[in-house]
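Novice: Got a structure here, written out as structure tokens. Questions coming.
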Amino acid sequence: LTGYVGFANLPNQWHRKSVRKGFNFNVMVVGESGLGKSTLVNTLFNTALYPPKDPKQPSLEIIPKTVAIESTSADIEENGVRLRLTVVDTPGFGDFVNNDESWRPIVDSIESRFDSFLEAENKVNRTNIADTRIHACVYFIQPTGHSLKPLDIEVMKRLHTKVNLIPVIAKADTLTDEEVTAFKKRILADINYHNIQIFEGPRYELDDDETIAENQEIMSKVPFAVVGANTEVQIGNGRKVRGRRYPWGIIEVDNEDHCDFVKLRQMLIRTHMEELKEHTSNVLYENYRSDKLTSLGV
Ligand code: GDP
Ligand code: MG
């Protein structure tokens, strides 16, 4: 399970195009400092990037505090399909005295990527435009168990028209299963109340029942309760897993009964990648582009 991503099984037509050209997918992580963004990025790359035959041991890593927007890319190849996965890590916010504009650098980054694409599209030679647009934004929510904070609502409102928002409950290992279930309900109610548009999955007809069922199963986990860990812990019979150890037991990152990390990864890199890219291009980017042209009086 661990090394295998599954993007080579994307829908056919898209797949064929991608086999020829290769394709890229850009994910951004956003949220308050200390919620485990950098750790989750590492966890994602550790699983996505090491093929099964080369199970490189994830090493114990001290992740320095993120101070600037930085991106990490890796080329993954699977069944002859090439994917360039880029994850953009943003500095956490929320720990300033004044958080009024903490969303600004994030919005600026998303918009400047739209601008680059727009510029490239307007050139005479428009073949092979590098697509650096953000296709998915994973938004980290503090595991308070209560409700969204005013800052979360503010930031999500700034982002939701520009990017596919995917809310996650950070450090879900600090909540009980019951708390996670209740918190998920509360978050969705808040999101709904504040008219925040989160990514909702494909709206078109899906090909087969199995795909429909899998997609529904994945979307039913939103907001994903995630746990990040880059160290391995020993469980029974000498087996090692990535996880976090507690006096009462071990939370395994890659165990779907323990958290939703696997579901999040599947959604991003397999089941919903196509829809995330298309929605970015056809709706979010198109809206940005027409607003921009209107404001320029074109
Ligand atoms: P960032 O500021 O959002 O990038 O957060 P970091 O990834 O730097 O993590 C902050 C601290 O939280 C570190 O000590 C991590 O080891 C710890 N941490 C990260 N992910 C988790 C998690 O899922 N559960 C728990 N309990 N701790 C985590
Ligand atoms: Mg960080």
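FYI, it's all coordinate maths here, none of it is from the lab. Everything quoted here is computed from the prediction, not taken from an experiment. Cβ coordinates were reconstructed from backbone atoms using ideal geometry, including for glycine residues, and neighbour counts include every protein chain displayed.
Novice: Distances longer than 17 Å among the Cα atoms of segment 79-213: what percent of all pairs is that? Mind dumping the intermediate values first?
Specialist: Numbers: 6294 of 9045 pairs.
When all Cα pairs of segment 79-213 are counted, 70 percent exceed 17 Å.
Novice: For segment 164-206, what is the per residue volume of the convex hull drawn over the alpha-carbon atoms, in cubic angstrom?
Specialist: Working: hull volume 4.6 nm³, N = 43.
Output value, Cα hull per residue: 106 Å³.
Novice: Just rank ASP190, ASP100, ASP260, fewest to most, by other beta-carbon atoms within 10 angstrom.
Specialist: On the way: ASP190 19, ASP100 9, ASP260 23.
Taking fewest neighbouring Cβ atoms as first place, the list is ASP100, ASP190, ASP260.
Novice: Another question about this same structure. Only counting other Cβ atoms within 10 Å, I'd like THR90, THR271, THR181, THR39 sorted with the fewest neighbours first.
Specialist: Numbers: THR90 21, THR271 24, THR181 12, THR39 18.
Ranking THR90, THR271, THR181, THR39 by Cβ neighbours within 10 Å, fewest first, gives THR181, THR39, THR90, THR271.
Novice: Starting from the coordinates of the alpha-carbon atoms of segment 223-284, obtain the Kirkwood hydrodynamic radius over all distinct pairs and give the value in Å to one decimal.
Specialist: Details: mean 1/r = 0.0749 Å⁻¹.
Kirkwood radius, segment 223-284: 13.4 Å.
Novice: So, one more: Please tell me which of these pairs span more than 24 angstrom C-alpha to C-alpha: LYS240/LYS277; LYS149/LYS171; LYS37/LYS185; LYS65/LYS292?
Specialist: Details: LYS240/LYS277 35 Å; LYS149/LYS171 17 Å; LYS37/LYS185 22 Å; LYS65/LYS292 35 Å.
Exceeds cut-off: LYS240/LYS277; LYS65/LYS292.
Novice: What percent does the relative contact order of segment 122-194 come to when contacts are Cα pairs within less than 8 Å and at least six residues apart?
Specialist: Values: 56 pairs, mean separation 29.0, N = 73.
The normalised contact order for segment 122-194 reaches 40 percent.
Novice: Can I ask one more? Compute for segment 161-298: radius of gyration divided by Kirkwood radius, i.e. Rg/Rh, restricted to C-alpha atoms, rounded to two decimals. Each step should come with its number before you reach the end.
Specialist: Numbers: Rg = 18.6 Å, Rh = 17.3 Å.
My calculation of the ratio gives 1.08.
Novice: Which residues does the label zone of GLU179 cover in segment 130-171, counting backbone N under 20 Å from a point 7 Å along Cα→Cβ?
Specialist: Backbone N within reach: 140-150, 152, 168-171.
Novice: Can you figure out the FRET efficiency of ASN125 with VAL283, using R₀ = 25 Å and their beta-carbon distance, to the nearest 0.05?
Specialist: Numbers: r = 26 Å, r/R0 = 1.05.
Calculated transfer efficiency: 0.45.
Novice: Moving to a separate point now. Kindly put ARG239, ARG270, ARG245 in sequence by how many other C-beta atoms sit within 10 Å of each C-beta, fewest to most. Intermediate values should be presented prior to the final figure.
Specialist: Values: ARG239 9, ARG270 18, ARG245 13.
Final ranking by Cβ density, sparse to dense: ARG239, ARG245, ARG270.
Novice: What are the radius of gyration and Dmax of segment 74-126, computed over its Cα atoms and given in Å?
Specialist: When restricted to the Cα atoms of segment 74-126, Rg and Dmax are 16.9, 50 Å.
Novice: Which net charge results when you count Lys and Arg as +1 and Asp and Glu as -1 among the other residues whose beta-carbon is under 9 Å from that of VAL241?
Specialist: On the way: positive: ARG239, LYS240, ARG242; negative: GLU232, GLU252, ASP254.
Summing Lys and Arg as +1 and Asp and Glu as -1 gives 0.
Novice: Also, quick follow-up: How much length is gained if the chain between LYS65 and GLU256 is pulled fully straight, taking 0.36 nm per residue apart and subtracting their Cα-Cα distance, in nm to one decimal?
Specialist: Working: separation 191, 0.36 × 191 = 68.76 nm, distance 2.87 nm.
Fully extending the segment from LYS65 to GLU256 adds 65.9 nm.
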